[in-house]
Amino acid sequence: MRQATLERKTAETCISLSLCLEGGAVDVQTGCGFFDHMLTLLARHAGFGLTLACRGDLQVDAHHTVEDCGIALGRALKRCLGDCRGIARYGSFLLPMDEALVLVALDISGRCHLACDLPLPAPRVGDFDTELGREFFLALCREAALTLHIRELAGENTHHILEAAFKGVGRALAQAVAPDVRRPDDIPSTKGVIG
């Protein structure tokens, strides 16, 4: 089982997280309802088991909570994957969500790069500052050492666009971490190492 458990404590957040790439229950409690919804969608569409509890300085705003959850999830994902032996490495998905259409492509490359082209019509969805979506994906990429491209191809509703992005990242991760049955013992790089 590819799984990891970690705790991360700072002056701004306290996070407890368990991740299992082979599946399991999903329970996300960050104190930010919309963000809980997005992380739950990501985990379910990836087929991951995820338990995440975060106490953050929401009296300031949700920035530290969102970014630090991205850091913690990225670290857990990297631990689960180890040397990346036997994984497919690449994943992509074109995700429709009503009028929204978002393309996601990722590479578990060992290098961080985020290309996030998500023009969002509204600055907030409920109490959620929509620019924090990008901050989450950037923190995830840095800690998991992912190359991630997210591109909005169509969309008018900010909730739908963000939902398509989080679901699409989940679906692309599911493909990328899946076992490569053709090369179950190989590290998926001609260099012999990821990174």
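The values are calculated or read from the model by the stated rules, or taken from the named source; none is laboratory data. Fair warning: this is a prediction, and the values are worked out from it, not measured in the lab. Here the Cβ is made from the backbone with ideal geometry for all residues, glycine too, and neighbour counts use every protein chain on show. Keep in mind that these areas ignore ligands, DNA and RNA; they rest on the heavy atoms of the full protein, side chains included. Shrake-Rupley method; radii C 1.70, N 1.55, O 1.52, S 1.80 Å.
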Crossing angle, helix 132-144 versus the chain [Cα axis fit, 0-90 degrees, rounded to tens]: 20
For segment 7-36 and segment 53-109, distance of Cα centres in Å: 12
With the dipole of the chain worked out from charges on the C-beta (+1 for Lys and Arg, -1 for Asp and Glu) around the Cα centre, which of GLN59, THR10, ALA100 lies farthest toward the positive end? THR10
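Using a 1.4 Å probe, what is the accessible area per residue for segment 117-195, in Å²?
Working: 3790 Å² over 79 residues.
Accessible surface, normalised per residue, equals 48 Å².
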Where only protein heavy atoms count, and the probe is 1.4 Å, what is the accessible area per residue for segment 51-112 in Å²? 44
Mind checking the angle between helix 158-177 and the chain's longest principal axis? C-alpha axes, 0 to 90 degrees, to the nearest 10. 10
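Which value, in Å³ per residue, describes the convex hull spanned by the Cα atoms of segment 89-195? Numbers along the way, then the final one.
Details: hull volume 10.1 nm³, N = 107.
Considering the Cα atoms of segment 89-195, their hull volume per residue is 94 Å³.
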Folded to 0 to 90 degrees: helix 63-81 orientation relative to the chain principal axis, Cα: 10
Given 152-163, 38-49, 122-133, the highest-first ranking by average Cβ count within 10 Å works out to 38-49, 152-163, 122-133
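With viscosity set to 0.890 mPa s at 25 °C, what whole-number translational diffusion coefficient in µm²/s follows for segment 118-170 from Stokes-Einstein and a Kirkwood radius over Cα pairs?
For the chosen part, D equals 211 µm²/s.
What value, in deg cm²/dmol to 500, does the helix sum -39500 (n - 2.57) over DSSP H runs of n ≥ 4 give at 222 nm once divided by the residues of the chain?
-11500 deg cm²/dmol
Residues with beta-carbon under 15 Å from that of ASN157, excluding ASN157: net charge, scoring Lys, Arg +1 and Asp, Glu -1? Don't skip to the answer; put the middle values down first.
Values: positive: ARG124, LYS167; negative: ASP98, GLU99, GLU152, GLU156, GLU163.
Combined, the nearby Lys, Arg, Asp and Glu give -3.
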Could you tell me what percent of the accessible area of the chain is made up of carbon and sulfur, with a 1.4 Å probe and every protein chain present? 50
Regarding the chain, what are the three Cα extents along the principal axes, ordered largest first, in Å? 47, 38, 27
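First select every other residue whose beta carbon is under 13 angstrom from the beta carbon of ARG134; then total the charges, Lys and Arg +1, Asp and Glu -1. Please list the in-between numbers first.
Values: positive: ARG142, ARG151; negative: GLU67, ASP117, ASP129, GLU131, GLU135, GLU152.
Result for the neighbourhood of ARG134: -4.
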Restricting to lysines and to Cα separations under 26 Å from LYS9, and discarding same-chain partners fewer than 8 apart, the set is LYS78
Spin-label model distance (nm) - ASP185 vs HIS149, 7 Å beyond Cα toward Cβ: 3.4
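If the convex hull of the alpha-carbon atoms of segment 12-125 is projected onto planes in all directions, what is the mean projected area in square nanometres? If you can, show how the numbers build up before the last one.
Numbers: hull surface 32.5 nm².
Quarter of the Cα hull surface area: 8.1 nm².
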Report the net charge of residues surrounding ASP68, where surrounding means a beta-carbon distance below 11 angstrom and charges are Lys +1, Arg +1, Asp -1, Glu -1. -1
